[in-house]
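Novice: This structure is in structure tokens; I'll ask about it shortly.
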Amino acid sequence: MKNSNTILPILQTLLTTEEVDHIVQANGYVDKARKFTVHHLLQYWCAAASEEWSGYRSGADRAARSGLSPVHYSCFSGKAAEVPFEIFKELFHLLVRKCNRETRRKLALPKELLLIDSTTITVGKTRLPWAPYHGERAAVKLHVALRALNGQPLGVTETIGSKHDSPVCETLENVDFIMVMDRAYGKLERLDRYKQEGQSFVIRLRDNVHIEKPYTLRRQSPSDSSVIGDFTCQLGTPQCRSTQRHRVVIFRDFEGREIRVVTDLMSISAEQIALIYKARWQIEVFFRWIKQHLNIPTLFGTTENAVYGQLFCALIVFVLLKWLFDGTRHGVPRHANLSFVRFARLLLLNNLSAEWLIRIHRFMLCFSSPS
């Protein structure tokens with residue numbers, strides 16, 4: 001008996017045939033196949049992520065049970081290597097625009113937070129000779145801008161693993177958000193440019209960045225505050241120094257370590273800035289989740305198209321799951337919500353239809369009690 005994959009009908013609802021065809025044509029790809037088209041490849045890649053297929057051969061064997069048109073595994077692998085991965089990248093960003101609905105901000109912040117970081121997927125050196133990394137390893141990276149408000153990615157850039165994070169973040173900049181980033185992105189010239197262009201930011205400073213001419217800001221500190229310093233200054237040595245004065249906040253994390261962050265935000269308290277940076281942990285949780293549940297470490301192919309196509313389709317599955325989860329909890333008290341992790345586990349492991357999963361979700365909410 002066939003068990004149709006829950007993700008696929010939702011995918012077909014949000015990404016129409018006309019939209020997929022338009023993006024395929026815009027990328028100059030001529031799809032001459034009749035039996036296994038770009039539409040089929042998109043469905044196969046999404047099923048591979050949601051059902052954690054182990055490779056082309058096992059995926060071709062399991063396709064029929066997922067309600068997909070059966071095809072030989074060599075056709076699957078050949079199509080994956082042939083279709084430009086930019087098609088799936090554009091489909092991912094189209095889906096993000098559809099699912100990232102504006103939500104009223106509840107925090108007293110001038111802008112919404114945008115968390116930026118990267119994750120690395122490594123394999124053996126012989127698997128991806130075009131993406132050398134360290135020693136006998138090869139790797140690719142996904143550089144992600146994640147909206148803190150709804151946990152949805154806003155933009156993604158792909159590179160090989162040896163590419164440094166710092167210059168890639170410029171492809172993810174967005175003046176409508178407060179960008180929150182780790183110390184790999186704290187280049188002094190970039191900080192000056194952000195301040196001149198009005199790009200809000202909270203970025204951790206490297207430990208060896210020199211503080212020049214600090215001026216302590218007046219502040220009222222709560223008795224339980226973790227903040228130990230709040231001042232404006234120039235950054236760097238005489239050989240390489242920022243031209244602008246920047247605000248630096250120093251606080252202790254939950255393990256007692258000193259964290260130094262630089263920001264352009266002057267109208268909010270140092271405690272709020274510390275909380276903004278701590279929100280960056282959300283993107284680490286995102287990376288861990290997609291690696292554990294969307295089959296990302298298991299790269300099927302060896303070409304750029306196959307590797308990046310698989311990764312962007314896995315992200316498409318995440319966006320669909322998060323969109324479905326957010327839709328089912330609409331209007332439900334926050335404390336009664338079924339967690340996204342449990343929700344996705346029910347959906348992926350039990351292969352339930354969306355209608356039945358929503359029923360289960362609402363049924364469980366009826367018996368939930370405030371924690």
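Novice: Could you go through segment 51-65 and let me know if any residue there is open to solvent by 50 Å² or more (accessible area, probe 1.4 Å), of a type in the set (S, T, N, Q) and over 17 Å from His39 (Cα atoms).
Specialist: yes
Novice: Additional query: Among the residues of segment 246-256, count how many are part of a loop (DSSP other than H, G, I, E, B) and of a type in the set (Phe, Trp, Tyr).
Specialist: Adding up the residues that qualify gives 1.
Novice: Testing Arg218 on (1) over 30 Å from Ile316 (Cα atoms); (2) in a strand (DSSP E or B), one condition comes back false. Which one is that?
Specialist: (2)
Novice: What tally of residues in segment 177-201 results from selecting those that are loosely packed, with under 14 Cβ neighbours inside 10 Å and of a type outside the set (Gly, Ala, Ser)?
Specialist: The qualifying residues number 3.
Novice: If we scan segment 260-278, do we find a residue that is crowded, with 18+ Cβ neighbours inside 10 Å, within 30 Å of Ala138 (Cβ to Cβ) and polar (S, T, N, Q)?
Specialist: no
Novice: Go through segment 281-297 and count every residue that is assigned to a loop (DSSP other than H, G, I, E, B) and either surrounded by fewer than 16 Cβ atoms within 10 Å (Cβ to Cβ) or of a type in the set (A, V, I, L, M, F, W, C) (or both).
Specialist: Within segment 281-297, residues that are assigned to a loop (DSSP other than H, G, I, E, B) and either surrounded by fewer than 16 Cβ atoms within 10 Å (Cβ to Cβ) or of a type in the set (A, V, I, L, M, F, W, C) (or both) number 3.
Novice: Follow-up question, since we're still on this one. Within segment 128-137, does at least one residue satisfy the condition of being part of a strand (DSSP E or B), among the hydrophobic types (A, V, I, L, M, F, W, C) and either at pLDDT below 95 or surrounded by fewer than 19 Cβ atoms within 10 Å (Cβ to Cβ) (or both)?
Specialist: Taking every residue of segment 128-137 in turn, none turns out to be part of a strand (DSSP E or B), among the hydrophobic types (A, V, I, L, M, F, W, C) and either at pLDDT below 95 or surrounded by fewer than 19 Cβ atoms within 10 Å (Cβ to Cβ) (or both).
Novice: Taking the criterion of being assigned to a loop (DSSP other than H, G, I, E, B), closer than 19 Å to Phe300 by Cα and at pLDDT below 95, would at least one residue in segment 71-91 satisfy it?
Specialist: Yes; the residues of segment 71-91 include at least one that is assigned to a loop (DSSP other than H, G, I, E, B), closer than 19 Å to Phe300 by Cα and at pLDDT below 95.
Novice: Take the conditions within 30 Å of Val175 (Cβ to Cβ), in contact (Cβ under 8 Å) with a residue 24 or more places away in the chain and open to solvent by 60 Å² or more (accessible area, probe 1.4 Å) and apply them to Pro110. Does it pass?
Specialist: yes
Novice: Out of segment 264-284, which residues are touching a residue at least 12 places away in the same chain (Cβ under 8 Å) and under 17 Å from Ile116 (Cβ atoms)?
Specialist: Across segment 264-284, the qualifying residues are Asp264, Leu265, Ile273, Ile276, Tyr277, Lys278, Ala279, Arg280, Gln282, Ile283, Glu284.
Novice: Separate question: Looking only at residues in segment 10-35 that are touching a His at 6+ places or on another chain (Cβ under 9 Å) and over 22 Å from Lys98 (Cα atoms), which one is modelled with the highest pLDDT?
Specialist: Asp31
Novice: Name every residue in segment 165-176 that is farther than 21 Å from Ile268 by Cβ, open to solvent by 70 Å² or more (accessible area, probe 1.4 Å) and among the acidic types (Asp, Glu), in order of residue number.
Specialist: Glu170
One line per residue, one yes/no per condition, for (1) among the β-branched types (Val, Ile, Thr); (2) under 19 Å from Ile296 (Cα atoms); (3) touching a residue at least 12 places away in the same chain (Cβ under 8 Å):
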position: His93; (1), (2), (3): no, yes, yes
position: Arg97; (1), (2), (3): no, no, no
position: Thr120; (1), (2), (3): yes, yes, yes
position: Asn174; (1), (2), (3): no, no, yes
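Each row is one residue, and each column tells you yes or no for (1) assigned to a loop (DSSP other than H, G, I, E, B); (2) more than 24 Å from Leu114 (Cβ to Cβ); (3) open to solvent by 30 Å² or more (accessible area, probe 1.4 Å); (4) at pLDDT below 90.
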{"position": "Gly155", "(1), (2), (3), (4)": "no, no, no, no"}
{"position": "Thr159", "(1), (2), (3), (4)": "no, no, no, no"}
{"position": "Ile203", "(1), (2), (3), (4)": "no, no, no, no"}
{"position": "Asp207", "(1), (2), (3), (4)": "yes, yes, yes, yes"}
{"position": "Gln244", "(1), (2), (3), (4)": "yes, no, yes, no"}
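The values are calculated or read from the model by the stated rules, or taken from the named source; none is laboratory data. If you're wondering where the values come from, they're calculated on a predicted model, not measured in any experiment. Positions of Cβ are generated from backbone atoms using ideal geometry, with glycine treated the same way; all protein chains shown enter the neighbour counts. We work out accessible area using only protein heavy atoms, side chains counted, and drop any ligands, DNA or RNA first. Shrake-Rupley method; radii C 1.70, N 1.55, O 1.52, S 1.80 Å.
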